1. Do we find that S268 is farther than 30 Å from L185 by Cβ, among the hydroxyl-bearing types (S, T, Y) and surrounded by 14 or more Cβ atoms within 10 Å (Cβ to Cβ) in this structure?
2. Just the residues that are open to solvent by less than 50 Å² (accessible area, probe 1.4 Å), within 22 Å of Y153 (Cα to Cα) and not hydrophobic (A, V, I, L, M, F, W, C), please, taken from region 24-52.
3. Working carefully through the options Y134, Y82, Y104, find the one that is touching a Lys or Arg at 6+ places or on another chain (Cβ under 7 Å), hydroxyl-bearing (S, T, Y), farther than 30 Å from W193 by Cα and surrounded by 15 or more Cβ atoms within 10 Å (Cβ to Cβ).
4. Condition check: acidic (D, E) and in a helix (DSSP H, G or I). Does E127 satisfy that?
5. I'd like to verify a number: residues in region 275-323 that are in contact (Cβ under 8 Å) with a residue 24 or more places away in the chain and not in a loop (DSSP other than H, G, I, E, B), how many?
6. Out of region 324-362, which residues are assigned to a loop (DSSP other than H, G, I, E, B), aromatic (F, W, Y) and more than 15 Å from L306 (Cα to Cα)?
7. Tell me which residues, restricted to region 308-359, are open to solvent by 10 Å² or more (accessible area, probe 1.4 Å) and of a type in the set (K, R).
Amino acid sequence: WLSLIENTGLYLCFQQFPRLCATREALLAKECCPRWEGDGSACGARSGRGFCQDVQVEDQPHGPQYPFSGLDDREKWPLVFYNRTCQCAGNFMGFSCGDCRFGYFGVNCNERRESLRRNVFHLTRAERIRLVSYLNLAKQTLSRDYVVATGTYREMENGSNPMFADASVYDIFVWMHYYVSRSALLGGPGNVWTNVDFAHWAPAFLPWHRVYLLHWEHEIRKLTGDMGFSIPYWDWRDAQGCDVCTDELMGGRNPQDPNLLSPGSVFSSWKVLCSRAQEYDNRGVLCDAKEEGPLRRNPGNHNHDLVEQLPTSAEVEFTLSLTNYDTGPVDRSANMSFRNTLEGFGDPRTGLGNSSRRGMHAALHVFMNGSMTSVQGSANDPIFLLHHAFVDSIYEQWLRRHRPSPSQFPDSNAPIGHNGGYHMVPFLPLHRNREYFISSKDLGYEYSYLLDANQRLSESIHPYLEELQGVWPFLLLSALLGGVVAVAIAAAILTGTRRYKKLPWLHVRKWKHLFALPERQPLIWSSDKEETGHPNYQTVM
């Protein structure tokens, strides 16, 4: 695959387009209903997994933040590209209904399983190695299922001239985060609308990133065959620095250049994509997904006027105390909004929107002072996954504490892309925002620190038990060898004693008088000796 890319001049880039739907025929028919390989029928219809149906988009008005219509490929997603897609039945999911809904497994998707997302510092050494290896494997492996668009629908001549290329499994998600948050292209260099984002600054921020992580986990499981894999989280409350920035985890600091990663980390060789938002805006183009240099990070050397410190436990608790999911115009100006405060545009001490400082989620991005600082390019840094897993856990805490009614999620007048019934950009299969305004337990996963006390204790000692399990055969062998040696020595002493008793010239009584000395003073000296200053056993003791 890599040689194919080099020879054809294609670069690693993507949009969330199923490879089977990236053809001229599919685009002109505006239909993405691939055959399920299990029975050879479109959407697995013969097996009752799903059917090819018209896409139903919501028609509720969006807010005034985006005053255009018909100019952006992401409007009324996915109708610009496809108006017919697979609609899956029961617990089936996927662009061809070949997968299972989140939380379900098995041939018929009827087996329920709850996975556990754990604190990254509670992983065993073997599990940490596995995490880094899986991330690197995803970065180096081209996706079998998805390709990416390298131009807009208009540049594709309305489907007559497909513009797609391959992408690695990891870079699919890098591009996806770029694509959902990029500026709207209005035509020509510099002619863009920046006040638009289909996954940030508004109510869909938390549901969108929840689905993003779930798909990321799903792709890693398919890639590695490890169905037990879960993304760990980094609990950054009250942290004094980037304690995951070690070569064993997400990469330490390069001693020669503090803006780069240590050469001892595998991530130091990674190349970033889509991290130059201003350049693309100036040219009025999409990111072409060419490599743009190494991953950058310089934690702590950020603008301290924008972020004073990493979020504290008190700030997290204040955020969780806010009873309204979102308020007012449900954008960055929202006051006393849980979503806006957690996202980082509401003050985590007062709850007032449009804060001059960044808090909570946004504070971490600023603190990292590198690739993470760019909204569009932030997913280049693997810390993104650990960070957003913890953000998602705070969302989960809020859902369990306040048990909001579905009506708390706005159905209309949210910024474009954020109404409850809007299909998340650019996912295929389709997901609506309101479908993920539910507990993680309903989606088949849990966070270790949200378990009950006994389960948390068991989880926290898990790595130590695992390490002990790894060394116990050695300890047992050492104990057995030690026992054998001890028995051998005892046997030798006993044999020697019996043998030498038969030698009369070695009998102790015959030699004792030669070495006997009269006892002239007691073992413990008297008090008059203590006055001389010499030590005795009492004073020493």
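1. On the way: farther than 30 Å from L185 by Cβ: yes; among the hydroxyl-bearing types (S, T, Y): yes; surrounded by 14 or more Cβ atoms within 10 Å (Cβ to Cβ): yes.
Here the answer is yes, as S268 does meet what is asked.
2. Within region 24-52, K30, P34 meet the criteria.
3. Checking each option against the conditions leaves just Y104.
4. For E127, the condition - acidic (D, E) and in a helix (DSSP H, G or I) - is met.
5. The number of residues fulfilling the criteria is 12.
6. Taking region 324-362 and keeping what is assigned to a loop (DSSP other than H, G, I, E, B), we get 324-337, 344-359.
This time we only want the ones that are aromatic (F, W, Y), so: 325, 345.
Across region 324-362, the qualifying residue is only Y325.
7. R332, R349, R357, R358
Each row is one residue, and each column tells you yes or no for (1) more than 23 Å from A138 (Cβ to Cβ); (2) in contact with a Leu (Cβ under 9 Å, 6 or more places away or on another chain); (3) charged (D, E, K, R); (4) in contact (Cβ under 8 Å) with a residue 12 or more places away in the chain.
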| residue | (1), (2), (3), (4) |
| --- | --- |
| F345 | yes, no, no, yes |
| T350 | yes, no, no, no |
| A363 | yes, yes, no, yes |
| D381 | no, yes, yes, yes |
| L386 | no, yes, no, yes |
| Q397 | yes, yes, no, yes |
| R401 | yes, yes, yes, yes |
| F427 | no, no, no, yes |
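The values are calculated or read from the model by the stated rules, or taken from the named source; none is laboratory data. On a predicted model such as this, the values are computed, not experimentally measured, just so you know. No Cβ is skipped: glycine too gets one built from the backbone with ideal geometry, and neighbour counts run over all protein chains shown. With ligands, DNA and RNA removed, areas are computed over all heavy atoms of the protein, side chains included. Shrake-Rupley method; radii C 1.70, N 1.55, O 1.52, S 1.80 Å.
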